[in-house]
1. Taking the conditions exactly as written (more than 14 Å from R91 (Cβ to Cβ) and in contact (Cβ under 8 Å) with a residue 24 or more places away in the chain), does I124 satisfy them or not?
2. What are the residue pairs meeting all of these: first residue in segment 32-45, first residue of a type in the set (D, E, K, R), second residue within 10 Å of the ligand (Cβ to nearest atom) and at pLDDT 95 or above, Cβ atoms under 7 Å, and 6 or more apart or on different chains?
3. Suppose we keep only residues that are among the acidic types (D, E), touching a residue at least 24 places away in the same chain (Cβ under 8 Å) and not in a strand (DSSP E or B) within segment 164-198. Which one would you say is nearest to the ligand (Cβ to nearest atom)?
4. Output the residues belonging to segment 111-151 that are part of a loop (DSSP other than H, G, I, E, B) and more than 16 Å from the ligand (Cβ to nearest atom).
5. Considering segment 97-110 alone, what residues qualify as being within 19 Å of M42 (Cβ to Cβ) and in a strand (DSSP E or B)?
6. Checking P59 against (1) in contact (Cβ under 8 Å) with a residue 12 or more places away in the chain; (2) of a type outside the set (A, V, I, L, M); (3) within 16 Å of the ligand (Cβ to nearest atom); (4) part of a loop (DSSP other than H, G, I, E, B), which single condition isn't satisfied?
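The values are calculated or read from the model by the stated rules, or taken from the named source; none is laboratory data. What you see is a predicted model, and the numbers here were worked out from it, not measured in a lab. Reconstructed Cβ throughout: ideal geometry from the backbone, glycine too, with neighbour counts over all protein chains shown.
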Amino acid sequence: MSTGRRETWDRRCWSEDLRHLFHQFMKKCEDGSWTYISEKEMLDLQKKASELSFQNVKPMKKKQFPSTLTRNFQEGLGFEYAMFYNKDERRIVCLFQGGPLLQGFPGLLHGGAIVTMVDYSISILSTKTIGFTMTAYINITYKRPIPIGSVVVINGQVDKIEERKVFLSSSVHSADEKTLYSEATSLFVQLNLEKSET
Ligand SMILES: CCCCCCCC(=O)SCCNC(=O)CCNC(=O)[C@H](O)C(C)(C)COP(=O)(O)OP(=O)(O)OC[C@H]1O[C@@H](n2cnc3c(N)ncnc32)[C@H](O)[C@@H]1OP(=O)(O)O
C-alpha cells in the first residue's frame, strides 16, 4: 500500500539544513552502524500495530488503518522528519522540521507537537528494541523555544531494560548542537498481549 508520501529525500519542503543533515546521516549508514528508517518500514510497523488485539481493542480491518498522527499533515505544514537507528548503541536520531500548523506561541512550535515527535521517535526505538510498547510516562523539560521551520535533532537512547519496562532518555538540540531545547525521560512498557486478550 502506498503512503501517498514520497521518500524523504524527494521532499521539496525540506530546508537546506534538513537536507544537509539527512545526507550526513545517510553517509553514517554506509558502514552499517546506523540504518535509515524508511517510509515503508514505518508503514509496516503501523500496519503490524493495527493488527494487534489488546486492551479490548479489536484489530483494524486489513487495508483500513490510517497513518500515524505525524504523517497526517500536508507536506511542509506539519511534521517533517527522518529517523535513523543504531541497533548496537540502542539509539535513535530524528531530524525534525516543524511546520506552521504546529504553532503554539506566534512563530514557535507548540510544546505538544515537540513532545509528540520525541514520544514517537523513542516509541520506534523501544519497539525496535523489545517489541511493541506504549508510553507509560514521558517527563519533558522545555528549556528554550523552537522557532517554526527550524531544524532540530532529537537524540533518544535506551538507558535500562527491566523485563517489560524500557527506560529511555532523550534530548532536542539545534542542528549546530549549540542550543539544548528540551530534555525528557520516559518509561515504555511492552504490550502484554496475552493478558489483554483474556
Ligand atoms: C507503531 C506506532 C507506535 C506509535 C506509538 C506512539 C507512542 C504513544 O503515543 S503510546 C499512547 C500513550 N500511552 C498510552 O495510552 C498507554 C496507556 N497505559 C496503558 O495502556 C498501560 O498502563 C500500560 C500498557 C502502559 C501498562 O499496562 P500493563 O501492560 O497492564 O502493565 P502493568 O502490569 O500495569 O505494569 C508493568 C510494569 O510497568 C510499571 N508501570 C506501568 N505504568 C507505569 C507508570 N506510569 N509509571 C511507573 N511505572 C509504571 C508497573 O509498575 C509494572 O512494573 P513491575 O513489573 O516492576 O511491577
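1. So I124 does not fit the description; no.
2. Sorted first by the residue in segment 32-45, then by its partner, the list stays empty.
3. Quick first cut of segment 164-198, residues among the acidic types (D, E) only: 176-177, 183, 194, 197.
Adding the requirement that they be touching a residue at least 24 places away in the same chain (Cβ under 8 Å) leaves 177, 183, 197.
Keeping just the survivors that are not in a strand (DSSP E or B) gives 177, 197.
Values: E177: 26, E197: 12 Å.
The extreme case among them is E197.
4. Quick first cut of segment 111-151, residues part of a loop (DSSP other than H, G, I, E, B) only: 131-132, 143-146, 148-150.
The answer is K143, R144, P145, I146, I148, G149, S150.
5. Correct list: Q97, G98.
6. (1)
Each row is one residue, and each column tells you yes or no for (1) surrounded by fewer than 19 Cβ atoms within 10 Å (Cβ to Cβ); (2) at positive phi.
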position: V118; (1), (2): no, no
position: G149; (1), (2): yes, yes
position: K165; (1), (2): yes, no
position: S170; (1), (2): no, no
position: D176; (1), (2): yes, no
position: Y181; (1), (2): no, no
position: L193; (1), (2): yes, no
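For every residue, the table says whether it meets (1) at negative phi; (2) surrounded by 11 or more Cβ atoms within 10 Å (Cβ to Cβ); (3) at pLDDT 90 or above.
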| site | (1), (2), (3) |
| --- | --- |
| T8 | yes, yes, no |
| R12 | yes, no, no |
| H20 | yes, yes, yes |
| F25 | yes, yes, yes |
| A49 | yes, yes, no |
